[in-house]
Every structure is written in C-alpha cells, then in structure tokens.
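The values are calculated or read from the model by the stated rules, or taken from the named source; none is laboratory data. Note that this is a predicted model, so its numbers are computed, not measured. Quick reminder, even Gly has a Cβ in these numbers, built from the backbone with ideal geometry, and neighbours come from all protein chains shown.
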Amino acid sequence: MSDRKRTVIKIGSSLLANEQTLQLRYAFLSALMQDIRVLRDQGRDVVLMSSGAVALGLNAVECEPGACSLLDKQAAAAIGQPLLINAYKNIAAEHNFDIAQILITLDDMEGRRRFINIKNTIERLFENGIMPIVNENDTITTEELRVGDNDRLASAIAHMIKADEFIMLTSVDGLYDRDPAEPGAQFVSELHDVSQYLEGAASKSALGSGGMLTKLIAANMAQHSGCTTYLAKGVLERPVTGVLDGSRRHTRCPAIGTPESAWHGWLTNRLHMAGSIVVKQAVADEIIDGPTRHIDQRDILSLTGTFQKGDVLHVYGEDGVEVARGLCSFSAEEVKRLIAHPHDEVMEILGYTARPIIIRKDNMAKLAQTRLSWDETLLEPQVAAQ
C-alpha cells in the first residue's frame with residue numbers, strides 16, 4: 001500500500017439534484033471536483049460515494065419524489081446513472097484526472113469474496129491515479145436486498161480501503177443536540193459517543209434515504225475502523241478542504257481506540273441482518289468478559305432468520321443485549337435440528353460428520369462497548385430512494 005492518505009467523500013442526492021426541478025446542480029458538482037483535485041494534489045487517494053441517479057431520472061419516468069414504486073425507482077436509476085457519471089467524467093477531465101464507476105449491491109458487500117474483489121478493483125484504480133465513484137446499483141436491487149442508504153455503504157467502503165478520513169456532506173452544517181430549528185439548539189463540534197444523539201436524529205430529506213441518524217450510524221462504523229468522520233454542509237466554496245483544514249464549521253467524530261482488524265471489521269460492519277441466535281446468559285457473559293470462545297449446539301436457546309452456511313449471525317444473550325457477530329458453520333434449518341438435540345452427534349442429526357460448533361471463535365468478533373448494537377441502528381425505517 002502507498003503512503004498516500006485515503007479519503008472517502010459521501011454526497012447526498014439533495015446536494016446533487018435540485019429538489020424542485022430534479023436537475024443536476026452543476027455548480028456544486030464543479031466546485032466539488034475542483035476541491036477533489038486539490039486533495040489529490042495534496043497526496044490523497046479519494047473515493048467518492050455519490051447518490052443522485054434516482055433523483056435525476058424521476059422526470060423521465062414522470063414520478064414525484066416519495067410517490068414512486070420500486071419499478072419507477074429502478075427505471076429512474078437506469079436513466080439517471082449515465083447522466084450523473086457523464087457529468088462527473090466531463091468535469092473531472094477539466095481538472096486533468098479520470099474517474100471510474102463502481103455499482104454494487106448488498107450481496108457484494110456482505111459476501112466476503114465479492115467484498116475482496118471490490119477492494120482489489122479500487123486498489124488497482126488508485127495505482128493508476130483514477131478516482132472511483134461508487135453507488136448502490138439501484139437499477140437491480142429490491143427493497144429486501146438493498147443497503148437502503150449510502151451513508152453506511154460509504155462507511156463500509158472507508159473500512160474496506162482503510163481510509164484515514166470520511167467526509168459526509170449534507171444540507172446542514174453538522175450535528176445539533178436537537179432539531180436545529182428548536183430554540184436553544186446547541187451545535188456539537190466534537191463527538192466521541194454517537195449513541196447519546198440517536199433518538200433525536202431521525203429526520204431525512206425529500207430526495208435522500210438517510211437523515212442524521214444514518215450518518216451517526218455510519219460515523220460509528222468508521223470510528224471503529226480507525227477512520228475519523230466529518231459531518232458538514234455541502235457548500236460551493238471549498239466543500240471538502242474547508243472542512244479538513246478547520247476553516248469551516250463541522251462535526252468531527254474521531255477514531256476510537258485501536259482499529260479493528262480487517263476480518264473483525266468485516267464481521268461487525270453489517271448492512272443487513274441474515275439471522276441471529278440467542279445464547280445462554282452465562283455464555284454471553286463469558287464472551288463479553290473473557291477471551292472469545294466457540295459457540296456450539298448446547299449454547300444456543302433460539303434463532304431467527306433463514307440464513308445459510310457462511311452468513312454472519314448476530315449473537316444475543318438472554319437479556320436481549322447483542323454481544324458478538326460471527327460466521328455460521330451451518331444453515332438455519334441445520335442449526336434448528338442441532339439445538340433440538342443438544343447431546344446427539346452431528347452425524348446422527350444431519351447425516352454427515354462435523355464438529356457441533358455453530359460459530360468458531362476465529363470467525364467471531366465481540367462488539368466493542370462503544371459500537372452500536374443492531375437494535376440501536378433500527379430507530380428509523382429504511383426507504384428506497386437515493
């Protein structure tokens with residue numbers, strides 16, 4: 001890996017498309033790309049996570065934001081994506097660099113092999129001085145099989161490439177302790193623990209799929225990957241460099257402690273829950289307080305989901321607290337049969353020889369005390385528009 005710093009920038013739909021006309025905001029796009037050129041000249045490799053494709057295609061499918069079917073949104077994404085990427089490419093050329101497009105799905109991020117393939121592609125683009133522009137592939141994803149917001153997706157990319165900085169540009173200048181429209185609202189310039197502000201962060205824009213809540217969740221993910229996050233307003237003058245040099249107001253979420261390993265980071269940075277298990281409380285306490293241990297068929301009380309072998313499960317104690325996430329060695333149907341006969345051999349139950357270990361300790365990551373549990377990330381329903 002080179003010694004160049006790595007920066008992930010996330011841009012929301014409301015900054016890229018006019019909310020009334022649904023036309024591309026070329027002035028902002030041009031200012032952003034000019035600023036990215038400065039970052040590149042300073043020795044940074046940049047990944048741009050860009051929403052906007054659906055918004056730019058809505059006029060063509062004659063659909064109002066918030067009133068479109070899934071098929072409308074898929075068609076709008078197919079129309080808007082080439083418009084968006086063509087604008088990026090033309091403006092980047094004016095600043096003497098090139099871009100590449102990477103469209104990904106939830107399965108690409110949740111499957112380890114595809115995750116590594118995306119990482120390798122980005123690394124190769126960096127080697128050639130080309131800036132990747134990433135977005136979820138809204139043309140083919142369904143409500144059940146999509147990430148749902150580009151904030152968390154961008155944070156997962158930041159973890160993937162071991163980014164130093166993660167900047168989310170939005171329509172407000174950062175985080176407030178309550179709705180900024182309320183009297184007495186206080187600006188939060190430095191934030192170490194995002195959990196204290198989750199309840200009041202559920203509003204979202206008309207065009208985007210995420211509000212401040214998804215940004216706080218994304219910041220928490222990035223913090224545990226060793227990446228410092230910045231929340232700031234997307235403005236025309238130095239939209240990114242003005243944040244990084246401290247000349248413009250923003251909320252900074254510094255990295256927390258020692259970064260998780262690449263493997264543990266992938267296990268814990270879930271964008272979708274494949275399934276979960278509840279283990280005996282004594283087992284959960286042992287996972288929290290002691291070294292990581294195997295989870296076998298005698299440890300499990302119940303399960304949820306229709307997961308397959310190799311999916312990542314969320315591990316809960318009887319008290320309802322999530323303690324770990326780990327790679328499952330069996331399918332959901334097999335786990336049901338194994339825990340129904342806790343003292344029988346796997347051969348007798350499933351008809352083949354295997355150890356009765358549901359999650360191996362090497363394939364499990366306990367949740368840090370400062371990492372948000374899955375339940376804490378579900379305060380706001382996900383919606384599909386980007």
Only one of 151, 164, 173, 179 is assigned by TED's automatic domain parsing to the domain that holds residue 252 and at pLDDT below 90, namely 179
The condition of being in contact with a His (Cβ under 7 Å, 6 or more places away or on another chain) and either hydroxyl-bearing (Ser, Thr, Tyr) or modelled with pLDDT of 95 or more (or both) holds, among 203, 195, 225, only for 225
When restricted to 41, 45, 35, the only residue surrounded by 24 or more Cβ atoms within 10 Å (Cβ to Cβ) and at pLDDT 95 or above is 45
Looking at residue 72, is it in the same structural domain as residue 105 (by TED's automatic domain parsing), part of a helix (DSSP H, G or I), crowded, with 18+ Cβ neighbours inside 10 Å and not aliphatic (A, V, I, L, M)?
yes
Of the listed residues (218, 255, 222), the one being touching a strand residue (DSSP E or B) at 6+ places or on another chain (Cβ under 8 Å), surrounded by fewer than 24 Cβ atoms within 10 Å (Cβ to Cβ) and either not assigned by TED's automatic domain parsing to the domain that holds residue 325 or not in a loop (DSSP other than H, G, I, E, B) (or both) is 255
The correct count of residues that are crowded, with 19+ Cβ neighbours inside 10 Å and either in contact with a strand residue (DSSP E or B) (Cβ under 9 Å, 6 or more places away or on another chain) or farther than 22 Å from residue 263 by Cβ (or both) in segment 364-375 is 4
Only one of 306, 292 is of a type in the set (Val, Ile, Thr) and closer than 26 Å to residue 162 by Cβ, namely 292
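Out of the residues in segment 86-115 that are under 16 Å from the mean Cα position of the chain (by Cα) and part of a helix (DSSP H, G or I), which is farthest from residue 16 (Cα to Cα)?
112
Here is a check on your reading of the model: is residue 334 out of contact with any strand residue (DSSP E or B) (no Cβ under 8 Å at 6 or more places or on another chain), under 26 Å from residue 264 (Cα atoms) and surrounded by 14 or more Cβ atoms within 10 Å (Cβ to Cβ)? Even if it seems obvious, please write down each step before you answer.
On the way: out of contact with any strand residue (DSSP E or B) (no Cβ under 8 Å at 6 or more places or on another chain): yes; under 26 Å from residue 264 (Cα atoms): yes; surrounded by 14 or more Cβ atoms within 10 Å (Cβ to Cβ): yes.
Judged against the criteria, residue 334 is a match.
Condition check: aliphatic (A, V, I, L, M), surrounded by 18 or more Cβ atoms within 10 Å (Cβ to Cβ) and at pLDDT 95 or above. Does residue 287 satisfy that?
Details: aliphatic (A, V, I, L, M): yes; surrounded by 18 or more Cβ atoms within 10 Å (Cβ to Cβ): yes; at pLDDT 95 or above: no.
No; evaluated as a whole, the condition is false for this residue.
Just to be sure before I move on: is residue 60 within 21 Å of residue 101 (Cβ to Cβ), assigned by TED's automatic domain parsing to the domain that holds residue 228 and either aromatic (Phe, Trp, Tyr) or outside any loop (DSSP other than H, G, I, E, B) (or both) in the structure I sent? Before the answer, list the steps.
Values: within 21 Å of residue 101 (Cβ to Cβ): yes; assigned by TED's automatic domain parsing to the domain that holds residue 228: yes; either aromatic (Phe, Trp, Tyr) or outside any loop (DSSP other than H, G, I, E, B) (or both): no.
No.
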* To do: Could you tell me whether residue 248 is touching a strand residue (DSSP E or B) at 6+ places or on another chain (Cβ under 6 Å) and among the basic types (Lys, Arg)?
  => no
Does residue 318 count as surrounded by fewer than 20 Cβ atoms within 10 Å (Cβ to Cβ) and assigned to a loop (DSSP other than H, G, I, E, B)? yes
When you scan segment 38-48, do you find a residue that is in a strand (DSSP E or B), closer than 25 Å to residue 225 by Cβ and polar (S, T, N, Q), even just one?
no
task = Determine whether residue 66 is modelled with pLDDT of 90 or more and under 24 Å from the mean Cα position of the chain (by Cα).
result = no
Considering residues that are among the hydroxyl-bearing types (Ser, Thr, Tyr) and closer than 21 Å to residue 219 by Cβ, the number found within segment 1-40 is 3
Residue count, segment 292-302, condition surrounded by fewer than 19 Cβ atoms within 10 Å (Cβ to Cβ), free of Cβ contacts under 8 Å to residues at least 60 places away in the same chain and touching a strand residue (DSSP E or B) at 6+ places or on another chain (Cβ under 8 Å), comes to 2
*asked:* Among the residues in segment 242-255, are any more than 26 Å from residue 331 (Cα to Cα), of a type in the set (Lys, Arg) and in contact with a His (Cβ under 9 Å, 6 or more places away or on another chain)?
replied: no
